[in-house]
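Rule-based calculations on the coordinates, nothing more; no lab input. Note that the structure is a prediction, hence the values are computed from the model and not measured. All Cβ positions, even for glycine, are placed from backbone atoms using ideal geometry, and neighbour counts span all protein chains on display.
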Amino acid sequence: MMKNLFFRSLLCLFFAAVLSGCGYRLGNLGHPQLKSVAIAPVVNDTLGYNAAAIMRSLLAETFQTDGTMKLTGMSKADCIVYARITSITFQAISWSTNKNDDSYLPNQWRVNLTAEYSVVLPGKAAPLIKSRTAAGKAEFMSGPDVEISRNYAVRQAAFVAAKDIVSQVTESW
């Protein structure tokens, strides 16, 4: 008898909590009128090899993963993201010596990537989101092949910048 009363009370408390709501809302924080997004070809103003293609693919991947807006072509989209990579810099942050001689070589590097972006509604003259900046950085070690490490680091820095862009586009309302 006592167990039955306890479980009924617990069940009533559970339904009361569920039905009363707690103020949280399921779903995304996106603008209610923007359901789809397109990504224009990214412009690369740097000497970074293939950085524009990397950034555009990571923007697409991040928008798809976020799920707030559907990724679509430029002719069907409610808004279009325009991005331009403005700088990619490499900085040595750690050095090592080879066989205890007096020459030190960098063994750890940091890549900094900066991009400008804006969001435009098709057919409108003024941008919905005026030019903003997003940045990403990553570190890599000088390994057997520095170029492979460098390319992975550029990709990681572009991913950090892409996440920043997507969160600003989807949550700035």
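Determine, from the Cβ-Cβ distance of E139 and K76 and an R0 of 35 Å, the FRET efficiency 1/(1 + (r/R0)^6), rounded to the nearest 0.05.
Between E139 and K76 the formula returns 0.35.
Taking the Cα centre of the stretch 29-171 as origin, sum charge times position over the Cβ atoms of Lys and Arg (+1) and Asp and Glu (-1), and report the length of that vector in debye to the nearest 20.
Computed about the Cα centre, the dipole is about 540 debye.
Between A92 and V146, what is the spin-label point distance in nm, taking each point 7 Å from the Cα along the Cα→C-beta axis?
Each label point is offset 7 Å from its Cα along the Cβ direction, giving 0.8 nm.
For S9 and L105, compute 0.36 nm times the residue count separating them, minus their Cα-Cα distance, and round to one decimal in nm.
Net length gain for the segment: 27.5 nm.
Counting other Cβ atoms within 10 Å, which trypsin sites (Lys or Arg not before Pro) in the stretch 74-169 have at most 12 and lie in a DSSP loop?
K76, K99, K124
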